[in-house]
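Below: one structure, written as C-alpha cells.
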Amino acid sequence: MLSSLFPSRTITLYLAKMFITRILGVLVLLVIILQALQLLSESGDILAVPGNGQAEIWRYVQLNVPQLIARFLPYSVLLATLFTFWPLNQNSEVIAMRAAGLSAHQVLAPLLLTAGIVSLVSFTFNETVVAKSTGTLKVWTDLRYYPIPAQSGVRSNLYMRDGLNILTARTVSGSGSATVMDDVTYYRRDPGGAVLEQLRSSRATFAAPGWRLQAPTSFIVATTQTSKLGDTVVAQTLTPAQVAITKVNPDGENIVSLGQKIDALRAEGRRTDELDSKWWHKIAGPLSALLMPLLGSVAAFGLARSGQLLVRAIAGMALGFTYFVVDNAALAMGNFGGYPPMIAAWAPFVLFFLVGETVLIRTEE
C-alpha cells in the first residue's frame with residue numbers, strides 16, 4: 001500500500017533530501033538575519049545594566065534563537081517548498097515524473113512525509129526547549145535585563161486582588177509555602193477604589209495565612225506621612241496556589257504544565273478561553289509545517305514554458321502567508337471568546353488543508 005502512495009525509493013530520497021536541505025538553509029538564513037536585527041535593538045538595553053557584558057549578550061542570543069526557530073520554521077518549510085519545486089519544474093523534472101505515471105499526490109508525498117517529520121521534531125523542540133527559554137527570556141526582559149533571582153519558577157510583574165486591596169510584586173519565585181515575592185507593594189483601598197495606604201517592601205513570604213512584608217515602608221495618602229514599620233502580614237485571603245495561577249504565560253509553559261494551570265484556574269472559576277486556545281495551538285501550530293508543501297505545490301505543476309511559473313510560485317507563497325494571517329486572526333478571536341478555543345486553533349488548519357487539496361485535485365484533472 002505504501003508503494004502506491006510514494007514514488008520509487010530513489011525519487012523519494014532525492015526529493016526528501018533536496019527538501020530538507022532547503023528547509024535548513026532557509027531557516028538558518030532567517031534566524032541569523034532576524035537575530036542580528038534584534039541584537040541591534042536590544043544590545044543597548046542589555047549593556048546599559050551595570051555588570052552586564054558579552055556574556056549577557058550571548059545569553060540573550062541563546063534564549064532568543066529557539067523562539068526564532070519555532071516561529072519561522074513553518075515559513076522556512078513554505079519557502080523551501082517553492083525553492084524545491086521551482087527548479088524541478090524549470091528543468092522539466094516534474095513533467096518527467098508525471099510522464100512516468102506518477103500522480104500529483106505521489107510527487108508531493110516525499111515532501112509531505114518530510115514535513116510531517118519536521119512537525120514532530122518541531123513539537124518536541126517546542127515543548128522541551130522553546131517553552132523553557134521563552135519563559136526565562138520573558139522574565140528577563142520584564143526585569144529590563146537585570147539579574148533574575150536564583151530561585152526556580154520565577155515570574156515577573158504579578159498583580160493580585162485581595163478583596164478591595166491590591167498586592168503587586170516585581171518577581172515571584174518558588175512554590176507552595178516556599179513562595180517568595182520581591183519588590184512588593186500592597187495598596188489598601190476604600191470601597192470607592194481610592195488608595196488609603198501604600199506599603200512597600202523588598203520581600204514577602206507566606207505567613208499561613210497571608211503574606212509577611214519584611215520591614216515595609218508605609219505611606220498614608222491622606223496625610224502624606226511616611227513611616228517605617230516592622231514585619232506586617234497582609235492579603236490573608238491570598239494562598240500560594242492562587243498566586244501560582246495569577247499570571248500564566250502560555251508560551252513559557254509546556255503542554256502538560258499549561259494544562260495543569262488551566263485546570264487550576266477553572267477550579268477557581270476563572271475564564272480560560274485564551275489559555276485553552278493556546279493549549280490547542282501547541283499541537284496545531286507545529287502541524288502547520290505539514291500544510292506548507294500542500295499550499296506551495298501550486299508551483300510544481302504546470303508547464304514552465306507557459307511563462308506562468310513565477311505567477312504560480314507567487315500564488316503558492318500567497319496561500320502560505322494567508323494561512324498565517326488567518327491563523328493569527330483566529331487565535332485573536334479565540335482569546336476574547338469570539339470562537340470556541342478548539343475552533344480557533346484548528347479551523348485555519350482544516351480550512352487551508354481543504355484549499356490545498358482542492359488545488360491539487362484540480363491539478364490532477
Give me Thr223, Thr322, Thr272 ranked fewest to most by other Cβ atoms within 10 Å of their Cβ, as a rough exposure proxy. Thr223, Thr322, Thr272
Mind checking the dipole of the chain: about its Cα centre, +1 per Lys or Arg Cβ, -1 per Asp or Glu Cβ, Debye to the nearest 20? 240 debye
For the stretch 157-229 and the stretch 30-107, what is the separation of their C-alpha centers, rounded to whole Å? 45 Å
Beta carbons within 10 angstrom, averaged per residue: use that to sort the peptides 187-199, 131-143, 284-296, 229-241, highest first. 284-296, 131-143, 229-241, 187-199
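Let me check against my output: what whole-number percent is the relative contact order of the stretch 164-236, with C-alpha pairs under 8 Å and at least 6 apart? Before the final figure, lay out the partial values.
Details: 171 pairs, mean separation 17.3, N = 73.
Relative CO of the stretch 164-236 lands at 24 percent.
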Relative contact order of the chain, please, whole-number percent, based on alpha carbon pairs below 8 angstrom and at least 6 residues apart. 17 percent
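Hull surface divided by four, with the convex hull built on the Cα atoms of the chain: how many nm²? The partial results should precede the final answer.
On the way: hull surface 93.9 nm².
In nm², the orientation-averaged hull projection of the chain is 23.5.
So what's the back-of-envelope 222 nm ellipticity for the chain, counting only DSSP H runs of four-plus at -39500 (n - 2.57) apiece and dividing by all residues, rounded to 500? Don't jump to the answer; show the numbers that get you there.
Working: 11 runs with 214 residues, N = 365.
After summing the helix terms and dividing by residue count, I get -20000 deg cm²/dmol.
If you put +1 on each Lys and Arg Cβ and -1 on each Asp and Glu Cβ, how big is the dipole of the stretch 164-236 around its Cα centre, in Debye rounded to 20?
On the way: 7 positive and 5 negative charges, 11 e Å.
Dipole about the Cα centre, nearest 20: 60 debye.
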In whole percents, the bins of 5 Å from zero upward hold the Cα-Cα pairs of the stretch 170-216 as 5, 21, 25, 22, 15, 9, 3
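Return His281, His105 ranked ascending by Cβ neighbour count within 10 Å, so the fewest neighbours appear first. Please report the intermediate quantities before stating the final value.
Numbers: His281 24, His105 17.
Least crowded to most crowded, the residues run His105, His281.
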Which ordering of Leu354, Leu167, Leu213 is given by a fewest-first count of other beta-carbon atoms within 10 Å? Leu354, Leu167, Leu213
Charge dipole of the chain built from unit charges on the beta carbon (Lys, Arg +1; Asp, Glu -1), centred at mean Cα; most positive-end Cα among Gln62, Val26, Phe123 is Gln62
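First select every other residue whose beta carbon is under 10 angstrom from the beta carbon of Gly285; then total the charges, Lys and Arg +1, Asp and Glu -1.
On the way: positive: Arg71, Lys278, Lys282; negative: Asp327.
Residues near Gly285 contribute +2 overall.
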Tilt, helix 131-142 to longest principal axis of the chain (alpha-carbon atoms), in degrees rounded to tens, equals 50 degrees
Residues whose modelled amide H sits under 5 Å from the amide H of Gly210, counting only those 5 or more places away in sequence or on another chain, are Leu238
Work out the charge dipole of the chain with +1 on the Cβ of Lys and Arg and -1 on the Cβ of Asp and Glu about the Cα centre, then indicate which of Ala332, Ser43, Asn254 is farthest towards its positive end. Ser43
Straight-distance crosslink candidates among aspartates and glutamates, where the alpha carbon sits under 16 Å from Lys247 and sequence neighbours closer than 8 are dropped: Asp142, Asp162, Asp182, Asp263, Glu268, Asp273, Glu274, Asp276
Based on the Kirkwood radius over alpha-carbon pairs, what value in µm²/s does the Stokes-Einstein equation return for the translational diffusion coefficient of the stretch 1-94 at 37 °C and 0.692 mPa s? 205 µm²/s
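Using only the Cα atoms of the stretch 156-277, build the gyration tensor, take square roots of its eigenvalues as a ≥ b ≥ c, and label the shape rounded, prolate or oblate: rounded if a/c is under 1.5, else prolate if a/b is larger than b/c, else oblate. Intermediate values should be presented prior to the final figure.
On the way: a/c = 2.48, a/b = 1.83, b/c = 1.35.
It comes out prolate by the Cα gyration axes.
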Hey, can you grab everything whose amide H is under 5 Å from the amide H of Tyr339? Only 5+ residues off in sequence or another chain; H modelled, so Pro and N-termini drop out. Gly334
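Here, each number is a calculation from the coordinates, and none is a lab measurement. Please read these numbers as outputs of a predicted model, since none were measured by experiment. Note that each Cβ is placed from the backbone with ideal geometry, even for glycine, and that neighbours are counted across all protein chains shown.
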